[in-house]
Amino acid sequence: MTAETVPFFPPDLFEADREALLEAVYTAGTAADQKFILGERTARLERELRARLGAADAVACSSGTSGLTLILAALDIGPGDEVVVPAFGCAPLASTVISRGARPVFADIDPAALTMDPAAAEELITPRTRALMPAHVFSVMADMPRFRTLADEHRLHLVEDSAVAQGGVLRGRPAGRWGDAGVFSFVQVKTFGMPGEGGMVVTDDTALAERVRMLRNHGQDGRNRFVHHTVGYNSRFDEAMAAFQLHRLDGLEDRLRRRAAIADYYSERFAPLSEAGITAPPAGGDGRCHYVYTLLAEERDELAAHLAAHGVHSHVYYPRALPAQPAFAGHAPPGARWPNAEDAARRNISIPLYAHLSDARVEHIADTVCSFTDREGRTR
Ligand SMILES: *Cc1c(COP(=O)(O)O)cnc(C)c1O
């Protein structure tokens, strides 16, 4: 037993940036121009991310979810259209498609990567399919080279849900730049999270970026106020948060490296556990993004209880496959099954992974997971 507990969601994510946060809010809040959204700071953050990614454009918006919605709207996806999405993942993958009046078509996932299986996605393409929308999951990028080829072959749009994958690079190409457009989420727990809501659309298609820019602010073009060219959304970005994110960009590479180092240590420690029913993601490698560290465990709930008894909090992301959610079940073909998605929902468990975890805590977490497999009375 240990006296201290290790939270899964740390309450002190921004403690080290306390002064910068206060300064960002104060400066934006008291600036002479009194422009609290879509001002100079937001524009600077867009330019910084665009340059870092080598993208043609980056458009800040109010969340990752609304980023996906803006992209789907900019691609004119709506009633009668189908979008192939993974059967395992977060709700916006289905809800953004439905909110456009289109139909999400759920494809099963790869059992190890937990990302959408390109072969399963290909089988679901019909004449109504307009786009493929794979997502990077936990710490693994989707097989974007195959999705890019598939989209090109079938003349489909490729919408990349890279909400969690900031810093990920696959074959030299950053996450967010494999699709016609990609998104990032800045909600607090994400890799480049902040204390508030926000997101970013990135794209190499300047015309698409222009439409997203217009859609995020009620269909206006940014020059003529109160001229609405198209039916848009309110999905704008906050100046105080932009100032804070500009400050936090400086340490981003270091935080990403620290996350990767912790994940690699975990994977090394957990590699021998596969015989005991615990499967860890592979260490390091190309196409990885260290957002969440997720194990697949046969005795998932017992492992969670064991961790909790030793002060380590864990979390189950997505206890159900998306088509098994009450909100989305009506959009799935009756009786259809997604065996790999269902299996991932049953077995996934995530353990703490954040840049300010101390080495001692990382070691304690790893020890505790390992001790589960040689505890007394275990059944396997
Ligand atoms: C977090 C997340 C989103 C949504 O981002 P928000 O900023 O919370 O709206 C979308 N897709 C995936 C895969 C995510 O993890």
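From the P(r) of region 1-85, could you give the percentage of C-alpha pairs in the tail past 22 Å? That tail contains 56 percent of the Cα-Cα pairs. Here the Karplus curve 6.51 cos²θ - 1.76 cosθ + 1.60, taken at θ = phi - 60°, turns the phi angles of region 121-133 into couplings of 5, 4, 5, 9, 6, 10, x, 8, 5, 10, 8, 9, 10 Hz, with x standing for Gly and Pro.
Each Lys or Arg adds one and each Asp or Glu takes one away; over the other residues whose Cβ falls under 12 Å from the Cβ of Arg216, this sums to 0. Of all DSSP beta bridges confined to the chain, the antiparallel ones make up roughly 65%. Whole-Hz Karplus values for region 20-34 come out as 5, 5, 4, 4, 4, 5, 5, 5, 5, x, 10, 5, 4, 6, 6 Hz, taken residue by residue from phi with 6.51 cos²θ - 1.76 cosθ + 1.60 and θ = phi - 60°; glycine and proline positions read x. Beta bridges from DSSP with both residues in region 158-310: antiparallel share about 85 percent, rounded to the nearest 5.
Protection proxy ranking for 297-305, 123-131, 69-77, using the average of other Cβ atoms within 10 Å per residue and placing the highest first: 69-77, 297-305, 123-131. In angstrom, the C-alpha Rg and Dmax of region 252-377 are 16.0, 49.
If you look at the Cα atoms of region 70-214, you get an Rg and a Dmax of 14.1, 43 Å. Taking Lys and Arg as +1 and Asp and Glu as -1, the other residues whose beta-carbon sits under 11 Å from that of His331 total 0.
With bins 5 Å wide beginning at 0, the percent of Cα pairs of region 318-380 falling in each bin runs 3, 14, 15, 13, 13, 12, 12, 10, 6, 1.
Between amide H atoms placed 1.01 Å from N, distances below 5 Å from Ile37 occur with Glu239, all of them 5 or more places distant or on a separate chain.
What does the convex hull of the alpha-carbon atoms of region 204-279 project to on average, in nm²? Here the figure is 9.4 nm², rounded to one decimal. Using alpha carbons only, what's the Rg to Rh ratio of the chain with Rh from Kirkwood? A ratio of 0.98.
Evaluating 6.51 cos²θ - 1.76 cosθ + 1.60 at θ = phi - 60° for every residue in region 168-174, the Karplus couplings come out as x, 9, 10, 6, x, 10, x Hz, glycine and proline recorded as x.
Read-outs throughout are calculated quantities, based only on the coordinates presented, and are distinct from any laboratory measurement. Bear in mind the structure is a predicted one, so any value in this text is a computation, not a measurement. Cβ sites come from the backbone with ideal geometry, for glycine too, and all protein chains shown count toward neighbours.
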